[in-house]
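The values are calculated or read from the model by the stated rules, or taken from the named source; none is laboratory data. All values derive from a computational prediction rather than experimental measurement. Counting neighbours? That spans all protein chains shown, and the Cβs are built from the backbone with ideal geometry, glycine included. The accessibility values were calculated without ligands, DNA or RNA, using every heavy atom of the protein model including side chains. Shrake-Rupley method; radii C 1.70, N 1.55, O 1.52, S 1.80 Å.
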Amino acid sequence: METKELLFNLPPIVGLIPLIIYIILSFKEDTHPVVNVFLCVILGAILVKQPILQLGSVIADAMGSFLALIGFIIILGSGLGSVLNRTGVAENLVHILMDKIGINSEKKAIVGTMVTSVVLVTLLGTMAGANAIIAPIVIPLIASMGITPSTLAVIFQGAGQTGLFLGPFSPPMVTLMELTGLPYGKVLLFAGLPVSICMWVVTFFIARHIQKKTFGLYKFDIEESQSGKDYVATSETKRATTVFLLVFLALIVYGVAVKSGASYAILIMVTVAVATGIAGGLRVGEIAEAMFEGMSKLIWLFVMFVLFEPFLMFVEQSGAFNALFDLLQPLIVSSGQVVFSLVTSLIGIFGINGAAVAQAMLMDSLFGNMVSELNINMGLWAAILLVGSQITSFAYPGGDMLGAMGLAQSKDVKSMLKLGYSIIVTILILIVILAIIL
């Protein structure tokens, strides 16, 4: 992206100010996330000398961005959840899970949700799409266990994102295989599994911590499900549940077979909602009403996602990320393998922002020659590329973090940043260990 000259010829590093301000505002409880982003969009536009009166066209372009797509997928997931609640499917699934699988405690609810998220993200190859599909199912269950929205948001991002590090056809894994020349098995062994295991352990303990801190403070915006043993599902509810599971699984299998991306989740949610609603005795108009009722609860999140596109774009146009790299480059050139691994990982996490696949390719372009000069093991380089391109989403309140919060009905950014920086510290320790032994 073309770098623009800043206001008053300020140095490019000043372009990080909107991002820093947003992070600071995120810790304030009396501000709204959408307002925070909008203020930073205005500040970023002023810094790169973007005419304020032309912001409308910039936001219009953002409507077609990937972030906007993620936002739409998330609100569709909320709409599907409303259909499942109205047909009784959600409540029926709660009883099936609790009575037959035995999820009857906070710890089991956390582990069960983590496993579900990881498996579906691995199968679909999209965190936003997979979590949007499972959210309507797990929320009634974990709500009955007392799990809070803050805890679920932590699980959705911390555990869910690792699914992208496991599947052989997920975008991150395909990119790593192409850049390093390693086969899938070695990329999984050196990068995917070590990083995922660390993230699972950290996510579990942080989720337990957040649960203790937020229990009684936050709760899900759903009708209370009756969990008594005298519950008996109606014939319509049983039929709707069967149709939901069959259609859902069939579409999942097809999506895996054709290697569908995030946009495929839209088809899954709409199709499953219509099929489930009809099987549950709802008319098409009633299904639409239920969908829109659920979607309306998260319209603020969609607006935030649209605004995030110009927000991040203005920071990138300022040249702030490149300036940050220039400041650290002398250290990289003169370093050994351990320092090189740590510094390049940090630059990837904090200094390069954007789509994860593009981040990995940019990192390889910037440091590929140094990798050869220092004779860096390709397995180590695969781990560095994975960390540098994927863990960025834990450093800043970006699309993945906000998406997990939206699906979990949480506005608790502070808890997400606790998770994020706990994961970052742990993963950096892992990188140092890999640099020593490889």
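Among all residues of region 102-109, there is at least one that is more than 30 Å from F305 (Cβ to Cβ), modelled with pLDDT under 75 and open to solvent by 30 Å² or more (accessible area, probe 1.4 Å). Among the residues here, T180 does not qualify as open to solvent by 10 Å² or more (accessible area, probe 1.4 Å), hydroxyl-bearing (S, T, Y) and modelled with pLDDT under 85. Kindly establish whether L53 is touching a helix residue (DSSP H, G or I) at 6+ places or on another chain (Cβ under 6 Å), part of a helix (DSSP H, G or I) and either at pLDDT below 75 or not polar (S, T, N, Q) (or both). Judged against the criteria, L53 is not a match. Applying the condition of being closer than 14 Å to T116 by Cα and among the β-branched types (V, I, T) to region 155-177 and asking which residue is surrounded by the most Cβ atoms within 10 Å (Cβ to Cβ) yields I155. Given the options L362, L430, name the one that is of a type outside the set (F, W, Y) and touching a residue at least 12 places away in the same chain (Cβ under 8 Å). Only one candidate qualifies: L430. Elements of the type helices (runs of 4 or more DSSP H) sitting completely within region 355-418 and holding at least 3 residues that are at pLDDT 90 or above and open to solvent by less than 40 Å² (accessible area, probe 1.4 Å): these cover 378-390.
Exactly one residue out of L182, L166, L189, L193 is of a type in the set (A, V, I, L, M) and under 23 Å from L249 (Cα atoms): that is L166. Look at (1) free of Cβ contacts under 8 Å to residues at least 40 places away in the same chain; (2) more than 27 Å from E236 (Cα to Cα) and you find that K107 fails only one, number (1). Count of region 18-50 residues, restricted to those that are open to solvent by less than 70 Å² (accessible area, probe 1.4 Å) and not in a loop (DSSP other than H, G, I, E, B), is 18.
I need a count of the residues in region 1-17 that are assigned to a loop (DSSP other than H, G, I, E, B) and open to solvent by 90 Å² or more (accessible area, probe 1.4 Å).
3
Are any of the residues in region 75-93 in contact (Cβ under 8 Å) with a residue 12 or more places away in the chain, within 20 Å of S410 (Cα to Cα), out of contact with any His (no Cβ under 8 Å at 6 or more places or on another chain) and β-branched (V, I, T)? Yes, that holds for at least one residue. Of the candidates I210, I206, I139, the single residue that is out of contact with any Lys or Arg (no Cβ under 9 Å at 6 or more places or on another chain) and of a type in the set (V, I, T) is I139. In this structure, is A143 open to solvent by 10 Å² or more (accessible area, probe 1.4 Å), in a helix (DSSP H, G or I) and touching a residue at least 24 places away in the same chain (Cβ under 8 Å)? Against the criterion (open to solvent by 10 Å² or more (accessible area, probe 1.4 Å), in a helix (DSSP H, G or I) and touching a residue at least 24 places away in the same chain (Cβ under 8 Å)), A143 qualifies.
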